[in-house]
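**Q** Have a look at this one.
The values are calculated or read from the model by the stated rules, or taken from the named source; none is laboratory data. This one's a predicted model, so the numbers in the text were calculated from it and none came from an experiment. FYI the Cβ positions are ideal-geometry reconstructions off the backbone, even for glycines, and counts take in every protein chain you see.
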Ligand code: 5AD
Ligand code: SF4
C-alpha cells in the first residue's frame, strides 16, 4: 500500500478522502460494510456520515425481495445530480443486486463507477485504486478464488459498542423455490473456527459483550468444509471466551435444527433464549412447493422440543404471504400455526418474483390485493400476541445489556433482554459509561415494539470491573 508521509501533507497519497456507505438489507451486509471500511482505510478513506461531502459512495445492496431492489434504483437516481455537480466522486455498487445485475447496472445507471459483486469484496481496494488512477468503469462479478478468504481485513473493533455481528458462513445450498440467495451469495462456505474465535476474542477485548454469529443457514456451519467443527461445537468454543456475556445466532433452517443445537439452549449459559426460526408457511402443500424440506407437524415438534428444553425461549419467524398457488385454506393453515405457536414476533413478507428462482415460473400467482388482505389479517393476529407477550413482562426484572442511549432521548439508555426485547431505561444518568454492562431492570410499561424499565440494581460487566455476578440491591 502507499506509504503515508507525515512530513509532506500535500502528497496526494496523504490527502484524506471520505467514504460514505449506504447499507441495505440483512446483517450480512452490515458486517460486509464494516469490512469495506476496514480494507479501504489503507487507501486513506475515512468514514463520513454525510453523503454530500463523500469522495467515495458505496451502496451495499440487497435483492431478497423486489422492494429491496427498487430501493437501490431510487437511491441511485438521487446520485445523478450529485455526480454532475461533483464529477470527481466515485460511486460503487456492491452486494446482492450488484452480483445479480452486473453490467446491466451500468447500462441503467451510467454514473456508477464500480460494480462489485458479493465475491469481489476482497478485491475492492484494487478496484477503487484502478478507478482513481484511470477513471474507467469496472464491473467485477467474478467468483471468489479458492485462496481468497471469506472475510477480509482485520476485524473491525468496536470501541464504545457492546454488540457485534460475526459472519461464520455464507451462501446456501437449499434452493427454496422463492429465494435468490443461492444465486447471489453462492453455495455454502464456512469460515475456519480458529479465525472466527480470534475475531470474537479481539472484539471482546475492544469492549464487545454480545456477539451475533450470522450466516444464511448457520445450522449448516462446517458441514462440508471439513474444518472438523459443526455449529453446536463452535458455539461451545465461543461460549468459553471470558468476558463475553451473550451469544446470539441467526438464521437457522428448521430442517437442520438438530437435537444437539436445541440442547445447547440449556447447556450453554451464554446462549440467549431466543431463536429466529423462519417457518414461511403453515400449509404442507405450500411448504412442499417452496422446497422447504419439512412439514407443519415437523416444525411444531421442533418448537415443542425447544420449549421443553428451554421454557422461556422466545421464538420469532418469517412468513411469506401469497406464495404462488397459496389458496384461502393454505393461508388459514398459516394463521392457525401462528396462533398455535404464539411467536414473540413475526416478519411478514408479500411474495415477489426474483430472477432465476423456480417460483418465478410457477402459475397461479396471487393477486396483489389478496396478498394485501392476508397481510393485514396476519399482522393483526400477531400484533395481539406480541403485545400480550410484552405485557406479561411488566413487573418482572430483566437483565438488560446496555447498548447506548435510546433513540428518543439522551435521558434514557437502551438495551435488550436475553429474549431480544428492546428495553428503554428511564434512568440514563450514567450515560455511555454503562455500555456493555448488564443491568437488572424492572419492566414498568409494555408497548408493541419495546418495553420501558427502571434500573433497580448494580448489575455486572465491563464497568466497574469484571463479572461480579448480579446484585439486585438498588
Ligand atoms: N418474496 C418474499 N419474501 C421473500 N423472502 C425471501 N425471498 C422472498 C421472496 N421472493 C423472505 C423469507 C426469508 C426472508 C429473509 O425474506 O421469509 O426468510
Ligand atoms: Fe434462501 Fe432457503 Fe437458503 Fe434461506 S434456506 S437463504 S430461504 S434458499
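**Q** Step by step: first the residues of the stretch 161-174, then only those that are assigned to a loop (DSSP other than H, G, I, E, B) and within 16 Å of ligand 2 (Cβ to nearest atom), then the one that is nearest to residue 415 (Cα to Cα). Which residue is that?
**A** Once the filter is applied, the top-ranked residue is 168.
**Q** Can residue 308 be described as loosely packed, with under 15 Cβ neighbours inside 10 Å, touching a residue at least 12 places away in the same chain (Cβ under 8 Å) and outside the structural domain of residue 415 (by TED's automatic domain parsing)?
**A** So residue 308 does not fit the description; no.
**Q** Among the residues of the stretch 131-141, write down those that are more than 19 Å from residue 35 (Cα to Cα) and surrounded by 11 or more Cβ atoms within 10 Å (Cβ to Cβ).
**A** Those that are more than 19 Å from residue 35 (Cα to Cα) and surrounded by 11 or more Cβ atoms within 10 Å (Cβ to Cβ): 131, 132, 135, 137, 138, 139.
**Q** In addition: I need the full set of residues from the stretch 221-233 which are modelled with pLDDT of 90 or more, in contact with a strand residue (DSSP E or B) (Cβ under 7 Å, 6 or more places away or on another chain) and at negative phi, in order please.
**A** If the condition is that a residue be modelled with pLDDT of 90 or more, in contact with a strand residue (DSSP E or B) (Cβ under 7 Å, 6 or more places away or on another chain) and at negative phi, then 221 is the only one that fits.
**Q** Something else now. Please enumerate the residues belonging to the stretch 344-363 that are more than 13 Å from ligand 1 (Cβ to nearest atom) and within 20 Å of the chain's Cα centre (by Cα).
**A** 344, 345
**Q** Got a sec? Which of 235, 261 is touching a residue at least 12 places away in the same chain (Cβ under 8 Å) and within 16 Å of ligand 2 (Cβ to nearest atom)?
**A** 261
**Q** Same structure again: Got a sec? Which of 161, 144, 185 is within 16 Å of ligand 1 (Cβ to nearest atom) and at pLDDT below 95?
**A** One residue alone meets the criteria, 185.
**Q** Got a sec? Which of 243, 194 is without any contact (Cβ under 8 Å) to a residue 24 or more places away in the chain and more than 16 Å from ligand 1 (Cβ to nearest atom)?
**A** 194
**Q** Could I ask something else about it? Could you check how many residues of the stretch 52-74 are part of a helix (DSSP H, G or I) and either under 17 Å from residue 117 (Cα atoms) or at pLDDT 95 or above (or both)?
**A** Of the residues in the stretch 52-74, 4 are part of a helix (DSSP H, G or I) and either under 17 Å from residue 117 (Cα atoms) or at pLDDT 95 or above (or both).
**Q** Inspect the stretch 361-384 for any residue being touching a residue at least 40 places away in the same chain (Cβ under 8 Å), outside the structural domain of residue 420 (by TED's automatic domain parsing), within 16 Å of ligand 2 (Cβ to nearest atom) and surrounded by 15 or more Cβ atoms within 10 Å (Cβ to Cβ) and give the result as yes or no.
**A** yes
**Q** Would you mind finding the one in 465, 469 that is modelled with pLDDT under 90, within 28 Å of residue 306 (Cα to Cα) and assigned to a loop (DSSP other than H, G, I, E, B)?
**A** Exactly one residue qualifies, and that residue is 469.
**Q** Hey, another quick one. From the list 97, 128, pick out the single residue that is within 16 Å of ligand 1 (Cβ to nearest atom), at pLDDT 95 or above and surrounded by 15 or more Cβ atoms within 10 Å (Cβ to Cβ).
**A** 97
**Q** Follow-up question, since we're still on this one. Residue 26 fails exactly one of the following numbered conditions: (1) surrounded by 17 or more Cβ atoms within 10 Å (Cβ to Cβ); (2) away from ligand 1 (no atom under 16 Å from the Cβ); (3) modelled with pLDDT under 95. What is the number of that condition?
**A** Unmet for residue 26, out of (1) surrounded by 17 or more Cβ atoms within 10 Å (Cβ to Cβ); (2) away from ligand 1 (no atom under 16 Å from the Cβ); (3) modelled with pLDDT under 95: (2).
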